[in-house]
Amino acid sequence: MEKLKYFQEDWNEYSKVINTNFLYHTEIKEKFKLTIENYLKNCEESIIIVDFGCGDCSQIIPNLYNNRIKKFVGIDSTIAALNSAEEILKSANLKLDYELKLAKLEDCDQLFPEGSIDIIYLCYSLHHLSKYDKEEFLRSSHKKLKNNGVLFISDGILPENRNQNDWINLFESKMYEKSFSQKEIKNMIDHCKNDDNHETLSFYKKICKNLKFKKFNILFRSDLTIIFTLER
Ligand SMILES: C[S@@+](CC[C@H](N)C(=O)[O-])C[C@H]1O[C@@H](n2cnc3c(N)ncnc32)[C@H](O)[C@@H]1O
């Protein structure tokens with residue numbers, strides 16, 4: 001199966017996942033709002049936010065109506081997602097500068113100067129990377145963030161001592177409970193089997209410690225997902 005085919009061809013099905021709050025996008029928006037507000041309390045200047053794996057940007061836009069944000073950069077490797085993002089951002093009438101880039105999370109090191117980003121936002125994109133590439137991405141993020149900058153991550157999480165198949169089985173049973181159609185479930189589960197690699201909390205905590213991030217804050221947890229921040 002072609003990599004990330006789900007996002008090229010089944011974006012409407014993914015929108016249903018978002019709109020039913022199946023993956024806690026309501027909580028993500030609330031927690032991200034608070035993260036921005038807390039960051040701004042200790043910062044005099046206007047800030048730059050970068051969204052890696054931005055998709056169509058529909059979920060981050062409500063948090064961009066803040067006159068202390070001077071620039072937003074959305075990065076994604078799926079052309080269909082970026083085309084939708086362009087449309088949605090245009091009609092959002094934001095007062096800030098924005099830029100969309102067709103690129104990969106794995107390109108992080110080449111995309112930005114060191115110490116140039118205030119907040120990096122990742123919403124269900126990091127799990128598309130292998131364990132090795134996640135570590136490399138987090139290492140690059142640490143370099144690209146300003147001092148006190150924040151990495152905001154919302155993603156699936158593996159319970160300790162469980163594997164990716166356990167996660168997918170639970171995810172599938174929850175989709176059945178929420179009455180998604182057979183086709184929607186099959187497309188999503190094929191995508192999960194082909195493209196997803198979740199990690200445990202101890203994996204992220206270890207990297208946080210090794211890279212010398214100052215703080216690791218868990219903001220929300222469900223049995224399948226987590227929202228947390230790392231502070232530089
Ligand atoms: C599950 S969607 C999330 C979209 C958006 N962040 C949201 O929450 O609505 C994952 C997005 O990450 C993008 N993506 C996956 N792997 C990527 C990579 N290695 N580099 C850049 N984008 C990637 C996909 O194209 C897709 O748009």
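The values are calculated or read from the model by the stated rules, or taken from the named source; none is laboratory data. Given the structure is predicted, the values throughout are model-derived calculations rather than measurements. Counting neighbours? That spans all protein chains shown, and the Cβs are built from the backbone with ideal geometry, glycine included. Keep in mind that these areas ignore ligands, DNA and RNA; they rest on the heavy atoms of the full protein, side chains included. Shrake-Rupley method; radii C 1.70, N 1.55, O 1.52, S 1.80 Å.
Distance from the C-alpha centroid of segment 199-232 to that of segment 44-109: 23 Å, rounded to the whole angstrom. Show me the GluC sites (Glu not before Pro) within segment 1-102 that DSSP assigns to loop and that have at most 11 other Cβ atoms within 10 Å of their Cβ. Within segment 1-102, the qualifying GluC sites (Glu not before Pro) (loop, at most 11 other Cβ atoms within 10 Å) are Glu2, Glu44, Glu45. Entry note, the chain: the mean residue ellipticity at 222 nm calculated from DSSP H runs of n ≥ 4, each adding -39500 (n - 2.57), is -13500 deg cm²/dmol after division by the residues and rounding to the nearest 500. For the chain, the relative contact order comes to 20 percent (Cα pairs under 8 Å, sequence separation of at least 6). Short to long, the 10 Å bins of the Cα pair-distance histogram for segment 87-146 hold 19, 47, 28, 6 percent of all pairs.
By the equivalent-ellipsoid construction on the alpha carbon gyration tensor, the chain comes out with semi-axes of 27, 21, 16 Å, ordered largest to smallest.
Dipole magnitude for the chain: computed about the Cα centre from +1 point charges on Lys and Arg Cβ and -1 point charges on Asp and Glu Cβ, it is near 840 debye.
Under 5 Å from the amide H of Tyr121 lie the amide H atoms of Val50, Asp51, Phe52, Phe152, each residue being 5 or more positions distant or on a separate chain, with H modelled from the backbone and absent for Pro and chain starts. Summed over the residues of segment 1-47 and divided among them, the accessible surface reaches 61 Å² per residue at a probe radius of 1.4 Å.
Surface composition of segment 66-222: carbon plus sulfur atoms contribute 46% of the solvent-accessible area (1.4 Å probe, protein chains only, all chains present). You can think of it this way: the chain between Glu37 and Arg68 has 10.2 nm of extra reach, that is 0.36 nm per residue less the Cα-Cα gap.
For Arg221, Arg68, the ranking by accessible surface with the largest value first comes to Arg221, Arg68, using a 1.4 Å probe.
Could you work out how much longer the chain between Asn148 and Gln110 gets when fully extended? Use 0.36 nm per residue separation minus the Cα distance between them, nm to one decimal. The partial results should precede the final answer.
On the way: separation 38, 0.36 × 38 = 13.68 nm, distance 2.16 nm.
Contour length minus Cα-Cα distance gives 11.5 nm.
Toward the positive end of the charge dipole of segment 1-47, with +1 on the Cβ of Lys and Arg and -1 on the Cβ of Asp and Glu, the farthest Cα among Tyr39, Thr20, Gln8 is that of Thr20. Taking all protein chains into account, the per residue accessible area for segment 180-231 stands at 48 Å² (1.4 Å probe).
Considering only the chain, what is the antiparallel percent among its DSSP beta bridges, to the nearest 5? In the chain, approximately 35 percent of DSSP beta bridges are antiparallel ones. Subtracting the Cα-Cα distance of Arg139 and Glu9 from 0.36 nm times their residue separation leaves 43.6 nm of extension gain.
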